[in-house]
Amino acid sequence: MKVLVCGGAGYIGSHTCVALIEQGHEVVIYDNLCHGSLSAVDHIRQLSGADVRFVQGDVRDKAALESVLSSGFDAVVHFAALKIMSESCRLPLLYFDNNVAGTIALLQAMQATGVHRLVFSSTAAVYGDPDVVPIKEDAPLRACNPYSHTKLVMERLIQELCEARPSFSAAILRYFNPAGAHPSGLMGEDTGGVPSNLMPYVSQVAAGMQDRLHVFGGDYPTRDGTGVRDYIHVMDLADAHTKALDVLRVGGCHVLNIGTGRGYSVLEVVSAFERISGRRVPYEIVDRRPGDVAEVWADPSHAQETLGWHAQHDLLRMCADAWRWQSMHPHGYQSAQVIELRQAMPSGSCR
Ligand code: NAD
Ligand code: WQD
């Protein structure tokens with residue numbers, strides 16, 4: 001298939017582009033680079049050996065999208081969104097404009113150009129605080145911040161479109177907690193500073209860039225009192241997208257949990273990371289983080305049945321790949337640019 005990957009210069013999008021090309025698809029990346037990076041695009045080209053086309057553009061720009069899509073595409077994979085919950089509480093209008101208005105413009109452009117297949121990035125955050133774990137797709141939806149609300153609105157929009165236009169098919173993938181990096185260490189999550197998610201923060205503590213990990217809450221009703229999550233390797237996520245595209249060849253509208261089905265506590269992640277990196281990860285238990293819940297993990301059996309997909313990488317592998325990325329790119333893609341710049345400069349001219 002010829003696939004437009006919106007948000008393909010970001011963390012999950014870049015890994016998915018490589019996986020799509022490895023499966024024989026042609027990929028065009030569309031990204032406004034508000035968070036993504038041209039270095040990620042370079043690494044996609046390097047790892048895949050394909051001369052991937054990159055278009056810098058915003059998903060809210062319907063005319064620009066129509067112009068790109070009019071060259072003939074079979075599908076769109078839509079990662080382009082803002083994703084930081086705390087920021088969404090401060091800037092709800094920005095989040096609804098970027099995420100929801102962007103998705104409306106994309107769907108309109110797809111309709112205008114006859115593109116009928118969509119894979120959409122959703123999140124386990126739509127479940128909020130679940131009544132039971134593991135979580136099935138028909139669990140109550142309890143989005144509790146503007147970011148998660150945008151995802152619920154977009155899910156509903158896509159489902160309504162599938163109902164109204166049977167030729168339109170979609171896979172809505174609810175990711176649990178993405179972690180890890182490409183095994184080459186060339187691609188990973190560029191957090192652009194101090195990370196808010198656990199795995200990149202632990203990586204920075206192990207690397208000595210942060211003093212210690214603040215463990216948010218030690219009094220949850222879990223096996224060791226710390227929060228439990230379903231960490232899923234980004235390479236497994238990428239694989240789920242390629243399988244979702246295959247399923248869309250026969251149509252339908254699918255909502256699928258993409259997780260491993262296993263939860264790990266914060267302290268278990270710390271201990272796995274210490275084992276893999278050979279470094280200490282000092283931590284201190286502090287107050288709970290507002291909005292956090294005790295336990296979230298997936299029942300991924302629907303994805304197994306529908307896509308023939310299941311996660312293949314375990315927590316140790318996620319830590320190993322995250323650590324390799326951290327060691328090779330201590331300051332994200334900027335590190336690579338600095339190294340490339342240094343190599344391009346006459347010796348002695350770089351301070
Ligand atoms: P990311 O920020 O690394 O990637 C998102 C990409 O979209 C970036 O390259 C950014 O520049 C681009 N983008 C954002 N708004 C855009 C716009 N208006 N027009 C064009 N490009 C735009 O994030 P990620 O972690 O790769 O997340 C990808 C998707 O997965 C997002 O939709 C996110 O909500 C969802 N998701 C992420 C996680 C996670 O923890 N990383 C978990 C669940 C769901
Ligand atoms: C994991 C656990 C924290 C940082 C969020 C979104 C989810 C998805 C991924 C977008 C929790 C604890 C964390 C730290 C800690 N994003 N923690 N110290 O909150 O489960 O999920 O990001 O869609 O939808 O909800 O992920 O990595 O922030 O936290 O103790 O410095 O680690 O309390 O138990 P979370 P996380």
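The values are calculated or read from the model by the stated rules, or taken from the named source; none is laboratory data. Only a predicted model underlies this, so the values are computations on that prediction, with no experimental measurement involved. Here the Cβ positions follow ideal geometry from the backbone for every residue, glycine too, while neighbour counts run over all protein chains shown. Keep in mind that these areas ignore ligands, DNA and RNA; they rest on the heavy atoms of the full protein, side chains included. Shrake-Rupley method; radii C 1.70, N 1.55, O 1.52, S 1.80 Å.
Would you pick out the residues in region 143-169 that are of a type in the set (D, E, K, R) and within 14 Å of ligand 1 (Cβ to nearest atom)?
First, pick out the residues of region 143-169 that are of a type in the set (D, E, K, R): 151, 155-156, 160, 163, 165.
The answer is K151, E155.
Only one residue in V269, V281, V293, V255 is assigned to a strand (DSSP E or B), at pLDDT 95 or above and among the aliphatic types (A, V, I, L, M). Which one? Walk me through it before giving the result.
Values: V269 fails: assigned to a strand (DSSP E or B); V281 fails: assigned to a strand (DSSP E or B); V293 fails: assigned to a strand (DSSP E or B).
Matching residue, one of V269, V281, V293, V255: V255.
Can you name the residue in region 196-209 that is near ligand 2 (Cβ under 9 Å from one of its atoms) and surrounded by fewer than 18 Cβ atoms within 10 Å (Cβ to Cβ) and, of all such residues, is modelled with the lowest pLDDT?
Among those that are near ligand 2 (Cβ under 9 Å from one of its atoms) and surrounded by fewer than 18 Cβ atoms within 10 Å (Cβ to Cβ), it is S196.
Just give me the residues in region 210-228 being surrounded by 17 or more Cβ atoms within 10 Å (Cβ to Cβ), part of a loop (DSSP other than H, G, I, E, B) and touching a residue at least 60 places away in the same chain (Cβ under 8 Å), in sequence order. Explain how you work it out, then say what you get.
Looking only at region 210-228, we keep the residues that are surrounded by 17 or more Cβ atoms within 10 Å (Cβ to Cβ), and these are 210, 213, 215-218, 220, 222, 226-228.
After this cut, where a residue has to be part of a loop (DSSP other than H, G, I, E, B) as well, the list is 210, 217-218, 220, 222, 226-227.
Matches in region 210-228: G217, G218, Y220, T222, G227.
Here are some conditions: (1) assigned to a loop (DSSP other than H, G, I, E, B); (2) of a type outside the set (K, R); (3) open to solvent by less than 20 Å² (accessible area, probe 1.4 Å). L186 meets all but one. Which one does it not meet?
It is condition (3) that L186 fails.
With respect to V338, is the statement that it is assigned to a loop (DSSP other than H, G, I, E, B), at pLDDT below 95 and among the aliphatic types (A, V, I, L, M) true? Walk me through how you get there before you give the answer.
Values: assigned to a loop (DSSP other than H, G, I, E, B): no; at pLDDT below 95: yes; among the aliphatic types (A, V, I, L, M): yes.
Criteria not met by V338.
Does S48 satisfy the criteria of being surrounded by fewer than 18 Cβ atoms within 10 Å (Cβ to Cβ), modelled with pLDDT under 95 and out of contact with any Lys or Arg (no Cβ under 6 Å at 6 or more places or on another chain)? Don't jump to the end; show me each part of the working.
Working: surrounded by fewer than 18 Cβ atoms within 10 Å (Cβ to Cβ): yes; modelled with pLDDT under 95: no; out of contact with any Lys or Arg (no Cβ under 6 Å at 6 or more places or on another chain): yes.
When the stated conditions are applied, S48 does not pass them.
Testing T260 on (1) modelled with pLDDT of 95 or more; (2) within 13 Å of ligand 1 (Cβ to nearest atom); (3) β-branched (V, I, T), one condition comes back false. Which one is that?
(2)
For the condition within 24 Å of R229 (Cα to Cα) and either in contact with a Pro (Cβ under 8 Å, 6 or more places away or on another chain) or open to solvent by 70 Å² or more (accessible area, probe 1.4 Å) (or both), what is the one hit in V132, V126?
Working: V126 fails: either in contact with a Pro (Cβ under 8 Å, 6 or more places away or on another chain) or open to solvent by 70 Å² or more (accessible area, probe 1.4 Å) (or both).
One residue alone meets the criteria, V132.
When region 181-194 is examined, which residues are found to be within 17 Å of P330 (Cβ to Cβ) and either at pLDDT 95 or above or in contact with a Leu (Cβ under 8 Å, 6 or more places away or on another chain) (or both)?
Filtering region 181-194 for residues within 17 Å of P330 (Cβ to Cβ) gives 181-182, 184-194.
Matches in region 181-194: A181, H182, S184, G185, L186, M187, G188, E189, D190.
So the check is Cβ under 7 Å with 6+ separation or different chains; which pairs have a first residue in region 122-133 that's away from ligand 1 (no atom under 16 Å from the Cβ) and a second one that's open to solvent by 10 Å² or more (accessible area, probe 1.4 Å) and in a strand (DSSP E or B)?
Going by the 7 Å Cβ cut-off, the qualifying pairs are V133/E295; V133/V296.
Anything in region 287-310 that is within 16 Å of ligand 2 (Cβ to nearest atom) and either open to solvent by 40 Å² or more (accessible area, probe 1.4 Å) or small (G, A, S) (or both)? List them, or say none.
Answer for region 287-310, where residues must be within 16 Å of ligand 2 (Cβ to nearest atom) and either open to solvent by 40 Å² or more (accessible area, probe 1.4 Å) or small (G, A, S) (or both): D287, R288, R289, P290, G291, D292, A294, E295, W297, A298.
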